[in-house]
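The values are calculated or read from the model by the stated rules, or taken from the named source; none is laboratory data. Please read these numbers as outputs of a predicted model, since none were measured by experiment. Cβ placement follows ideal geometry from the backbone for every residue including glycine, while neighbour counts extend to all protein chains displayed. All accessible areas refer to the heavy atoms of the entire protein, side chains included, with ligands and DNA or RNA removed. Shrake-Rupley method; radii C 1.70, N 1.55, O 1.52, S 1.80 Å.
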Amino acid sequence: MSEPLLQLGSAANWRSVYQQMHRANPSRRRGYIPIAPIQIPILFESHILAAAAESEFARDHWWLGYRLKMLIDVPGSDFLDFAAYEVAIPVNRGGTLIRLPKLAPQFRLRAEVPFWHEEMLITIYEYTGPYSDSTEALIEERTDLIRVDLARIEQRLN
């Protein structure tokens with residue numbers, strides 16, 4: 001299977017697409033009403049993302065910040081979005097690099113914060129840089145070698 005060849009180290013290849021603080025609503029009965037699922041209001045095309053979760057109220061032993069779900073539209077399904085892939089984003093542990101499967105050319109994301117969090121800062125970056133895969137690079141490299149060999153053969157024939 002081919003592997004992607006990306007330029008992840010350049011800040012110019014990343015675009016900040018979402019950063020927002022979400023808070024639970026206060027409740028007299030239960031202390032607070034958990035944060036509802038968050039539909040990220042962007043249609044994504046890049047399948048390489050970076051995401052982070054931050055909360056100043058998270059306890060040290062809490063690992064999960066939120067679940068990020070890839071949603072695809074299936075034609076003929078009354079425009080319902082289907083959860084196609086899911087990634088767990090840790091809280092207060094830096095960013096997570098995400099490589100989503102290419103199941104559809106465009107997709108949406110939904111973040112689902114566990115009930116125990118009272119607040120969550122959700123940050124998402126989209127990779128916008130060049131994208132190729134190792135198979136393409138190998139073909140290009142072999143093609144260049146063949147061209148050199150052909151030029152040598154042509155030179156000998158002439």
For segment 18-69, the percent of accessible surface on carbon and sulfur atoms (probe 1.4 angstrom, ligands and nucleic acids excluded) is 47 percent
Hey, what does the equivalent ellipsoid look like for segment 95-134, semi-axes from the Cα gyration tensor as sqrt of 5 times each eigenvalue, largest first, whole Å?
27, 13, 9
Can you give me the relative contact order of segment 12-110 as a percent, contacts being Cα pairs under 8 Å and 6 or more apart?
33 percent
Diffusion constant of segment 26-73 at 4 °C, which comes from Stokes-Einstein with the Kirkwood Cα-pair radius and 1.567 mPa s, µm²/s
92 µm²/s
For segment 33-43, take each phi angle, set θ = phi - 60°, evaluate the Karplus expression 6.51 cos²θ - 1.76 cosθ + 1.60, and give the result in whole Hz per residue in order, putting x for glycine and proline.
9, x, 5, 6, x, 10, 7, 6, x, 9, 9
Contour excess over end-to-end distance, with Cα ends at residue 123 and residue 25 and 0.36 nm allotted per residue
33.2 nm
If every Lys and Arg gets +1 and every Asp and Glu gets -1 at its Cβ, then about the Cα centre segment 31-121 yields a dipole, in debye to the nearest 20, of 300 debye
Over all alpha-carbon pairs of segment 23-112, lay out the pair-distance distribution in 5 Å bins, whole %, shortest bin first.
3, 12, 20, 21, 16, 12, 8, 5, 2, 0
